[in-house]
Structure formats: C-alpha cells, structure tokens
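Read the figures in this text as sums done on the coordinates, not as results from a lab. Everything quoted here is computed from the prediction, not taken from an experiment. Every residue, glycine among them, receives a Cβ derived from its backbone with ideal geometry; neighbour counts consider all protein chains shown.
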C-alpha cells in the first residue's frame, strides 16, 4: 500500500447518533431479532383487525399504541437515552484521528491489529469497524471524498482476510 489515508473528526452528539443509528440498523438487519419485530408487528396488526371486527375498544387502543410506538417512537426513545448517556461520556467532544498506512492502522496513534477487526461495514453515514466487543464509527464527512472512503474500506477488507 503506497497511499496513506488520514482522517480526523470531532466526536459530537450528531456524529455519535449517526454511528449509533448506523450500527443499530446494520445489527438489526443482520440479526435474528428482526424476526421478533416482524412477529410483534403482525400480532399487533391482527389485534387491530380483531378489535375493529369485535368492537373491542381496549384491544384497539392497545394495538394502536403499540403500532405508534413501533413505527413512530421506537428510535426517538432510544435516541433520548443515547443522548443522555453521551452527555456524561468522557469521549464527548473529543477529536479522533484514524491513520492507515504501510505501518498499519492507528486510532489516535494507538495501533489496531487487523486480527482484532472481524468486520468492516460501509454505510451512507460512515464506516463501522467491528471488534470483538465494540465498534468504531468513522463518519463519511471525515473522508475527503468517496474515493478515499472506498479505498479505506477496500484496504481494511483485504487486511482482515490476511492479504
């Protein structure tokens, strides 16, 4: 690898929420939990139909509240608790640097062993580097352009495979 890639960004509330949402969406999409969500929605919608057919106001109210929660407030409630925890985080408003060069991958000048990364995911919002028990989110805005972001992801994927 002859090209050195260097990105830096300030870890603020907006970027934190972007990363949390990207990770949440990716992990839910690739999780068995999504089937529980489908079952939850199906049962709730059957509850609405049943309530309308039998005129059960209590069941209709409960089902309506559950549908509103699922489609309208689920992320808002999660976002509220994420922001609350972020306000107390020692990482709040810190600057981060990620460097990728011939010597390796560095996060705030600390080396990251490619063996510790088990997956890299590129989303519209940024890049997720998954480790054994955590992830690092690098927002797309930290990269100079889309080519640098694509190159970064491509190199990391090769390194993870051991190439």
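Could you put 78, 32 in order, starting from the residue whose Cβ has the fewest other Cβ atoms within 10 Å?
Lowest to highest Cβ neighbour count: 32, 78.
Give me the angle, in degrees from 0 to 90, between the Cα long axis of helix 146-161 and the longest principal axis of the Cα atoms of the chain, rounded to the nearest 10.
80
For the chain, give me the percentage of DSSP beta bridges that are antiparallel, rounded to the nearest 5 percent.
100
Which of 120, 132, 138 has the fewest other C-beta atoms within 10 Å, and how do the rest follow up to the most?
132, 120, 138
Using only Cα atoms, tell me the angle between helix 13-29 and the longest principal axis of the chain; keep it within 0 to 90° and round to the nearest 10.
Relative to the chain, helix 13-29 is tipped by roughly 70 degrees.
Working out 0.36 nm times the residue gap between residue 68 and residue 124, then minus their Cα-Cα distance, what length gain in nm do you get to one decimal? Numbers along the way, then the final one.
Values: separation 56, 0.36 × 56 = 20.16 nm, distance 2.70 nm.
Gain on extension, residue 68 to residue 124, equals 17.5 nm.
Just one of (i) 10.7; (ii) 9.5; (iii) 11.7 is mean projected area of the Cα convex hull in nm² calculated from these coordinates, so which is it?
For mean projected area of the Cα convex hull in nm², the calculated option is (iii).
Using a Förster distance of 30 angstrom, determine the FRET efficiency expected from the C-beta separation of residue 141 and residue 115, and round it to 0.05. Working shown, then result.
Numbers: r = 29 Å, r/R0 = 0.97.
Efficiency, from the Cβ-Cβ distance: 0.55.
Could you rank the peptides 92-98, 71-77 by their average count of other C-beta atoms within 10 Å per residue, with the highest value first?
Descending packing order for the listed peptides: 92-98, 71-77.
Taking neighbour counts of Cβ atoms within 10 Å as a proxy for exposure, in what order, fewest first, do 163, 119 appear?
163, 119
If a/c stays under 1.5 just call it rounded; otherwise compare a/b with b/c (prolate if a/b is bigger, oblate if not). Do that for the range 17-87, with a ≥ b ≥ c from the square roots of the Cα gyration tensor eigenvalues.
Oblate, since a/c reaches 1.5 and b/c is not below a/b.
Rounded to the nearest 500 deg cm²/dmol, what is the calculated helix-only ellipticity per residue at 222 nm for the chain, with -39500 (n - 2.57) per DSSP H run of length n ≥ 4?
On the way: 5 runs with 81 residues, N = 163.
Value at 222 nm, helices only: -16500 deg cm²/dmol.
Just to confirm the number: angle between the C-alpha axis of helix 33-54 and the first principal axis of the chain, 0 to 90 degrees, nearest 10?
20
Determine the gain in length on full extension of the stretch residue 57-residue 10; use 0.36 nm per residue of separation and subtract their C-alpha separation, reporting nm with one decimal.
Stretched out fully, the residue 57 to residue 10 stretch lengthens by 11.9 nm.
If R0 is 25 Å, what FRET efficiency do you get for residue 160 and residue 91 from their C-beta distance, rounded to 0.05? Kindly include the intermediate steps, with their values, before the conclusion.
Numbers: r = 25 Å, r/R0 = 1.00.
The calculated FRET efficiency here is 0.50.
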